[in-house]
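Each remark here refers to the structure printed beneath this line.
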2 protein chains.
Amino acid sequence: MDKIPILRLGKFLLVTIQVDLYDRLALNLEADLVQMVNKTNAKGVLIDISAVTIVDSFMGRIIGNIASMSKILDAETVVVGMQPAVAITLIELGLPLKGVHTALDMERGMNLLKSMIDIDDEDVDQDSNDDDIITE
Amino acid sequence: MDKIPILRLGKFLLVTIQVDLYDRLALNLEADLVQMVNKTNAKGVLIDISAVTIVDSFMGRIIGNIASMSKILDAETVVVGMQPAVAITLIELGLPLKGVHTALDMERGMNLLKSMIDIDDEDVDQDSNDDDIITE
């Protein structure tokens, strides 16, 4: 396997990581994901890592990279389904996944994304209202 | 890896198959999926096989089994993202996946499931209306 499938779910993209992310696979995932965000105009990326039982600094960095890349393209990233042992390992490795939102499971992650996007939309509305007031 | 993660998405369950389904993995998936359908009261199961490039009769049978098991538990199964080569192989193997609904991608699969569940609900309503008429 040289590709991890990216599923489109409305405004969101969903990635389920089930295998070890070795170098080429991780780079392919990064490239595919930013292309998909661009092509589908996605507002959020959900990364499910419930099948990941072993995590290392490389994997932590890849997740951080994906979140940063998506953020630049105006999409939020939420990591869901982290095993307790993985959370322990990440902290012990000194990788607190800064800038990455997390949620316990898929549904909560989806709700978190929706709430973040709603807030963003409201911000935009607010801004446009302000503009209206100024032009009046 | 000895488990394929099953994600809950509202009334649906989502399974992404990214690796070869060898015996134990396939049996675990069947068992986990029927348990999840039971536990979460799911009305539909989406199986994404976009990462599957090679299919054999075993895999065809497993998908058929999952669909039959889910059907007994009152959940519909839709297989999405099949590669053209996989479709060719399945037919050449004499496995037309009878009783399994298919859709081109995740979004169409989700819409198909929603429409099937709506129809089911309407059937129930229709039946209850008929009963009302008889009792009057």
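Take each residue in B:2-15, count the other chain C-beta atoms within 10 Å of its C-beta, and the mean is 4. Across the identical copies, the label point of A:I88 (7 Å from Cα in the Cβ direction) is separated from its matches by 5.0 nm, in order from shortest. Using a probe of 1.4 angstrom and keeping all protein chains present, the accessible surface of region B:6-104 works out to 48 square angstrom per residue. Averaging the sequence gap over all C-alpha pairs within less than 8 Å and six or more residues apart, then dividing by the number of residues, gives chain B a relative contact order of 21 percent. Take B:I117, move 7 Å from Cα toward the beta carbon, and the resulting point lies 1.8 nm from the same point in each other copy, nearest first.
Net charge near B:S68: determine it from the other residues with C-beta under 15 Å of the C-beta of B:S68, scoring Lys and Arg +1 and Asp and Glu -1. Kindly include the intermediate steps, with their values, before the conclusion.
Values: positive: B:R61, B:K71, B:K98; negative: B:E30, B:D74, B:E76.
Net local charge, B:S68 excluded: 0.
Within the protein assembly as shown, antiparallel bridges make up roughly 25 percent of the DSSP beta bridges whose residues both belong there. Of the residues A:L104, A:L46, A:L29, the one that moves most in a GNM of chain A with alpha-carbon contacts below 10 Å is A:L104.
In a reduced charge model with +1 at each Lys and Arg Cβ and -1 at each Asp and Glu Cβ, the protein assembly as shown shows a dipole moment near 1560 debye about its Cα centre. Can you list, shortest first and in nm, the gaps between the label point of A:K3 and those of its counterparts in the other copies, using a point 7 Å from Cα in the C-beta direction? Values, ascending and in nm: 2.9. Pairwise inverse Cα distances across the protein assembly as shown, averaged and inverted, put the Kirkwood hydrodynamic radius at 20.4 Å.
Out of region B:1-99, which chymotrypsin sites (Phe, Trp or Tyr not before Pro) are coil in DSSP terms and have no more than 11 other C-beta atoms within 10 Å? Walk me through the numbers on the way to the answer.
On the way: sites: B:F12, B:Y22, B:F58; in loops: B:Y22.
Qualifying residues, ordered by number: B:Y22.
Please give the residues of region B:57-77, grouped as numeric ranges, whose backbone N is less than 18 Å from a label point set 7 Å along the Cα-to-Cβ vector of B:M116. The answer is B:60-77.
A cut-off under 13 angstrom between Cβ atoms defines the neighbours of B:V34, and their net charge, with Lys, Arg +1 and Asp, Glu -1, is -1. Give me the angle, in degrees from 0 to 90, between the Cα long axis of helix A:106-135 and the longest principal axis of the Cα atoms of chain A, rounded to the nearest 10. Once rounded, the angle reads 30 degrees. Per the Debye formula on identical point scatterers at the alpha carbon atoms of region B:6-104, with no solvent, log10 I(q)/I(0) at q = 0.21, 0.23 Å⁻¹ is -1.07, -1.28.
The values are calculated or read from the model by the stated rules, or taken from the named source; none is laboratory data. Everything quoted here is computed from the prediction, not taken from an experiment. Please note: Cβ atoms are built from the backbone with ideal geometry, for glycine as well, and neighbour counts cover all protein chains shown. Only protein heavy atoms, including side chains, enter the accessible area calculation; ligands, DNA and RNA are left aside. Shrake-Rupley method; radii C 1.70, N 1.55, O 1.52, S 1.80 Å.
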